[in-house]
Structures are given as C-alpha cells and as structure tokens.
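One structure below.
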C-alpha cells in the first residue's frame with residue numbers, strides 16, 4: 001500500500017514539505033484554508049533561501065543592502081552590505097506562499113482548499129489518521145464537511161495549530177506581530193529603495209523591535225510584542241508610527257494585520273506518526289524574530305526524513321523514524337536558537353541594553369559576522385583577535401550603557 005501523507009498548512013513550511021514529498025512520488029494532500037493569505041510578518045528572507053529554494057526574481061520585491069538601526073534615544077547606526085551580489089530579500093507572504101504552494105501542486109501534491117477541524121487518532125500502529133475538514137473549493141462560506149484517511153501527518157498550521165492540539169504537543173508562550181501596510185508617495189518610497197529600518201525601545205516594543213520594511217509599492221510598519229492586549233499593541237504601534245513619522249508623511253494605510261508567533265519550540269514536536277514544522281513546532285528565532293527560512297527548511301528536512309524512511313513510499317515511517325528529523329534539526333540549528341535566546345535576554349531587557357546593542361552594531365567586524373550568519377546561516381570562523389575584539393566590544397557597550405545593572 002502506497003504511503004499517504006497530509007500536510008496541514010500551506011505556508012512556507014507546509015508547501016516546502018509537500019513539494020519534497022510529491023517530488024518523491026508520495027501521495028500528498030496539502031491543506032490550506034486561505035489561498036490568498038497575507039500573513040503579517042516583516043517578510044525578510046536571507047540570501048541562502050533564494051538559492052536553496054530556487055526562488056525566481058519576481059518573488060523578491062526589494063533587495064535590501066542597507067539597514068538602519070535606531071536606538072531608544074534615536075541614535076542611528078547605518079549598516080551596509082559591501083558586496084554587490086549580497087542582499088536581504090523583501091517579499092510579500094501572499095506572493096511567496098502562493099508560489100511555493102503552486103510549485104508543490106505542479107509536482108503532484110493535491111492542494112485542498114480546506115480547514116481541518118478535528119483529527120481522529122489511530123488506535124493501533126496499523127490504523128489510519130482520519131482528518132475531518134471543511135472543503136471550501138465550491139466557494140461557500142460554511143464549506144462542505146469531508147474526511148480523509150492518511151498514514152502520516154505533517155502539522156504546518158501555525159502558532160494556533162490544531163494538529164498540535166490533537167496530539168497534545170503542549171503549549172508555548174507566544175508574541176503578537178502587528179503590522180500596517182502603508183503606501184507612500186513616490187518621493188518617500190525612494191528613501192526605502194534598498195533600505196530597511198529597525199527601531200528598538202520600550203515605546204515601540206517591550207520585548208523585541210519594531211520595523212519599517214520596504215515592499216513592492218508600500219512599506220510594512222509593525223511591531224512584535226509579548227503584550228497581547230489590544231490596548232498595549234495599539235500603544236506600541238503608535239510608538240513606531242511616531243518614531244518614523246517624518247519618513248511616513250503622506251502615507252495611506254492599505255492593510256492592517258496581526259498574528260501570533262511562537263516564543264520557543266513546543267514541548268513535543270513528534271508524536272506517533274505526526275510531526276510539527278514551522279510555527280506549529282515553534283521555530284521562530286529569538287532576538288531577530290526570523291521564521292520564514294526556518295519554516296521552509298524544517299518542512300523540507302521533515303519531508304526528506306519521511307522520504308528516506310518510506311522506502312519509495314512503500315513503508316509507513318514510525319515515530320522513531322520521524323524523530324530522526326528532530327535530531328537533525330536540533331544538531332544543525334540548536335546552537336543558533338540558544339545564542340539568539342541569550343542575545344534577546346541580554347540586549348532587550350532595558351533601554352540601556354538596547355542603546356548598547358545599537359552601539360555595538362556600529363562595529364564593522366560585528367556587522368560582517370552578523371550578516372554572514374544571517375545571509376548564509378553559517379557561523380563563519382573569525383580570526384581569534386577579531387573574536388576577542390567583538391567580545392570586548394560587547395562587554396564595553398554593556399558597561400557604558402549600565403546594561404549589566406539589575
């Protein structure tokens with residue numbers, strides 16, 4: 001009997017998993033409720049993702065080569081990529097996600113415009129999982145109730161994952177990403193031709209940072225925060241609007257978006273023949289808040305593990321097989337998450353620490369190491385003297401900003 005896999009969620013994680021599975025000839029059903037979903041996120045992707053996932057030029061709205069870091073006291077530090085071929089890609093999620101889903105479909109995945117409501121778990125290791133879902137392909141508001149039997153499930157359905165709930169994967173803390181898309185006059189947009197801005201300070205985010213990221217014909221202006229009450233979020237969004245006011249003059253709000261983002265990995269990411277990837281697994285990084293690349297990468301790595309264990313689709317992978325995906329993931333990225341978590345706790349704890357963080361970003365060695373780590377997802381070995389200099393720079397910045405004080 002041929003292996004049947006359901007991938008629940010059609011974002012970068014789910015679409016990348018479905019693509020890999022379909023390419024291997026495995027029967028793949030990709031579920032997505034909103035085929036035009038515009039997830040509120042900064043939309044920045046590293047250069048390595050463009051190559052690894054073979055993204056065409058039209059997916060990238062802007063090629064950012066300059067980053068402006070702005071401290072709580074409005075000290076500005078300009079960071080520039082000096083190599084002409086390097087850039088940070090800015091994309092709209094509805095464009096990126098749609099492309100990845102279509103590619104998976106073209107390779108043979110069955111795209112289901114539906115929402116999974118419930119999952120009946122198997123009673124034995126030989127039984128199937130039964131997905132109960134509403135099919136919206138007929139255009140109706142309510143949808144048509146349907147069921148599907150599969151051997152294995154990849155949960156890629158975001159922070160509010162129903163797949164995670166069905167397998168009792170455990171809860172995690174989450175933050176809120178709130179964003180306004182603002183269309184600016186042409187003269188104002190020229191300022192953001194290849195420039196993105198990051199603001200830090202209690203007035204714009206008590207936990208992370210706020211951003212102004214350029215898109216095709218507008219800028220995304222938003223904030224990330226652990227404060228989930230609407231009044232707090234509105235106050236922080238007003239803060240970033242005030243800080244960037246001079247650059248946003250004459251702008252028109254064309255869309256307002258909000259969405260939860262995970263704060264750390266779920267306690268359980270593989271249970272039985274179900275594996276979680278992307279936001280459902282909790283793969284958004286601390287400090288940088290990056291999630292797109294890691295979502296797509298986790299979907300692909302999980303699917304590659306399934307293909308490997310399935311023996312050309314003729315064997316149903318076990319929980320033990322799926323746990324190989326977790327071992328590989330944690331080995332490759334565990335240290336990255338740990339370091340960014342430490343940076344978050346050190347540099348986002350107070351405005352003094354944020355001032356120190358921005359000051360440190362003015363150092364050329366720090367900039368190069370940071371960009372290499374982000375663009376290529378590799379820790380580039382630095383000269384020992386450079387490493388020592390960066391460490392001294394970090395400690396010095398913290399001490400001058402009294403950031404080490406309790």
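The values are calculated or read from the model by the stated rules, or taken from the named source; none is laboratory data. Remember, predicted model here, so these are calculated numbers, not experimental data. Heads up, the Cβs are rebuilt from the backbone with ideal geometry, glycines too, and the neighbour counts pull from every protein chain shown.
Taking segment 319-350, which residues are surrounded by fewer than 17 Cβ atoms within 10 Å (Cβ to Cβ) and touching a strand residue (DSSP E or B) at 6+ places or on another chain (Cβ under 9 Å)?
319, 323
For (1) modelled with pLDDT of 95 or more; (2) assigned to a loop (DSSP other than H, G, I, E, B); (3) over 18 Å from the mean Cα position of the chain (by Cα); (4) crowded, with 24+ Cβ neighbours inside 10 Å, each residue gets a yes or a no:
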| position | (1), (2), (3), (4) |
| --- | --- |
| 10 | yes, yes, no, yes |
| 16 | yes, no, no, yes |
| 19 | yes, no, yes, yes |
| 29 | yes, no, yes, no |
| 37 | no, yes, no, no |
| 40 | no, yes, no, no |
| 51 | no, no, no, no |
| 55 | yes, yes, no, no |
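Only one of (1) within 27 Å of residue 80 (Cα to Cα); (2) out of contact with any helix residue (DSSP H, G or I) (no Cβ under 8 Å at 6 or more places or on another chain); (3) in contact (Cβ under 8 Å) with a residue 12 or more places away in the chain is not met by residue 186, so which one is it?
The single condition residue 186 does not satisfy is (3).
Being part of a loop (DSSP other than H, G, I, E, B) and touching a strand residue (DSSP E or B) at 6+ places or on another chain (Cβ under 7 Å) is the filter here, so list the residues in segment 64-78 that pass it.
Listed by number, the residues that qualify are 65, 71, 72.
Identify the single condition in (1) without any contact (Cβ under 8 Å) to a residue 60 or more places away in the chain; (2) at positive phi; (3) surrounded by 14 or more Cβ atoms within 10 Å (Cβ to Cβ) that residue 139 does not satisfy, given that it satisfies every other one.
Going through the list (1) without any contact (Cβ under 8 Å) to a residue 60 or more places away in the chain; (2) at positive phi; (3) surrounded by 14 or more Cβ atoms within 10 Å (Cβ to Cβ), residue 139 breaks only (3).
What number of residues within segment 205-256 are over 17 Å from residue 69 (Cα atoms), part of a helix (DSSP H, G or I) and modelled with pLDDT under 95?
Total satisfying the criteria: 5.
Here is a list: 171, 202. Which entry is surrounded by fewer than 19 Cβ atoms within 10 Å (Cβ to Cβ), out of contact with any strand residue (DSSP E or B) (no Cβ under 9 Å at 6 or more places or on another chain) and closer than 28 Å to residue 351 by Cβ?
202
So, in segment 150-179, of the ones that are outside any loop (DSSP other than H, G, I, E, B) and at pLDDT below 95, which residue ends up farthest from residue 319 (Cα to Cα)?
Selected residue: 179.
When you look at residue 130, is it in contact with a strand residue (DSSP E or B) (Cβ under 9 Å, 6 or more places away or on another chain) and either assigned to a strand (DSSP E or B) or modelled with pLDDT under 95 (or both), yes or no?
Yes, satisfied.
For segment 79-110: of the residues being surrounded by fewer than 20 Cβ atoms within 10 Å (Cβ to Cβ) and in a strand (DSSP E or B), which is modelled with the highest pLDDT?
110
Condition check ((1) out of contact with any helix residue (DSSP H, G or I) (no Cβ under 7 Å at 6 or more places or on another chain); (2) free of Cβ contacts under 8 Å to residues at least 60 places away in the same chain) across all residues:
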position: 157; (1), (2): no, no
position: 171; (1), (2): yes, no
position: 176; (1), (2): no, no
position: 206; (1), (2): yes, yes
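Taking residue 147 and the conditions (1) in a strand (DSSP E or B); (2) more than 26 Å from the chain's Cα centre (by Cα); (3) under 30 Å from residue 215 (Cβ atoms), which numbered condition does it fall short on, given that it satisfies the others?
Of the numbered conditions (1) in a strand (DSSP E or B); (2) more than 26 Å from the chain's Cα centre (by Cα); (3) under 30 Å from residue 215 (Cβ atoms), the odd one out for residue 147 is (3).
Based on what the data block shows, is residue 125 surrounded by fewer than 21 Cβ atoms within 10 Å (Cβ to Cβ) and in contact with a strand residue (DSSP E or B) (Cβ under 7 Å, 6 or more places away or on another chain)?
Judged against the criteria, residue 125 is not a match.
Since residue 289 meets every condition but one in (1) buried (at least 21 other Cβ atoms within 10 Å of the Cβ); (2) in a loop (DSSP other than H, G, I, E, B); (3) over 18 Å from the mean Cα position of the chain (by Cα), which condition does it not meet?
(3)
Which of the numbered conditions does residue 36 fail, given that it passes all the others? Conditions: (1) farther than 14 Å from residue 91 by Cα; (2) in contact with a strand residue (DSSP E or B) (Cβ under 9 Å, 6 or more places away or on another chain); (3) touching a residue at least 40 places away in the same chain (Cβ under 8 Å).
Condition (2) is where residue 36 drops out.
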